[in-house]
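Readers should treat all values here as calculations from the given coordinates under stated rules, not as data from a laboratory. Please read all numbers here as calculations on a predicted model, not as lab measurements. Here Cβ is always computed from backbone atoms with ideal geometry, including for glycine, and neighbour counts include all displayed protein chains.
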Amino acid sequence: MSDIHLGTPGSQSRELLDFLKTFDCDFLYLVGDIIDGWRIRRKWYWPQEHNDVIQKILRKARKGTKITFIPGNHDEGARAFIGLKFGDIKIKNQAFHKTLKNEKLWVIHGDLFDTVIQHARWLAYIGDNAYSFLLWINVKFNKIRNHLNLPYWSLSQYLKLKVKKAVSFINAFETLMVNEASRRGCDGVVCGHIHKSELKKINGKIYANDGDWVESLTALVEHYDGTLEIIDWVKEKKQIKETENIKKAVS
């Protein structure tokens, strides 16, 4: 999973904590932008829920989950510690994961292949401010939906995907990432960065973007038969609740 953006009001930390409590795994890859250093430097924001997420991840590491943290552009300060371990969590620039189907996946955040981040960082900061405002609207919008007993729905993601330039950027990013994975002798890539979950084949290679915990509330999982799946936590949580209600009704 990636793009949690702890340290910002837009981070859906409470939902993520529920997700982490519900599922266990043998391997966990934190694929960048876990803590939003850009926003924290401008204004401190760190509620207890964000602490709880960090503690839950550390607890999983202590219980045997092999955790790898690959920093992104928003927590790029952690790149100074690549090669070290923090609380049983390995910090790496990239990772390679072999699935139970013997598919080799390249795991990387993806910002290093974003030309705006690499060559026009000032533009990226402007875009980040505009995006933060959009997420602020998204939080207010979903508070209203919550009062109406409606499920979470990302207004910000909907608007973003309606913009043709954004869609064009996403398509170009996806193609670039699978090409880079192919150059590294891999069967596919697992990345984050663009806040758009996706699992598909491009030119015969796997493109897996685990999404984010700001807009889409998604994670990529590998089942014990080697099958990959994007978990949409909003839908998954609803199904779990429905199953529990059925069990209560039967009992």
Among TRP233, TRP213, TRP46, TRP38, what is the fewest-to-most ranking by other Cβ atoms within 10 Å? TRP46, TRP38, TRP233, TRP213
Can you spot the aspartates and glutamates whose alpha carbon is less than 15 Å from LYS63's alpha carbon? Ignore those fewer than 8 places along the same chain. ASP24, ASP26, ASP88
State which entries of LYS90/LYS201; LYS66/LYS237; LYS21/LYS60; LYS66/LYS98; LYS101/LYS205 exceed 18 angstrom in Cα-Cα distance in the structure shown. LYS90/LYS201; LYS66/LYS237
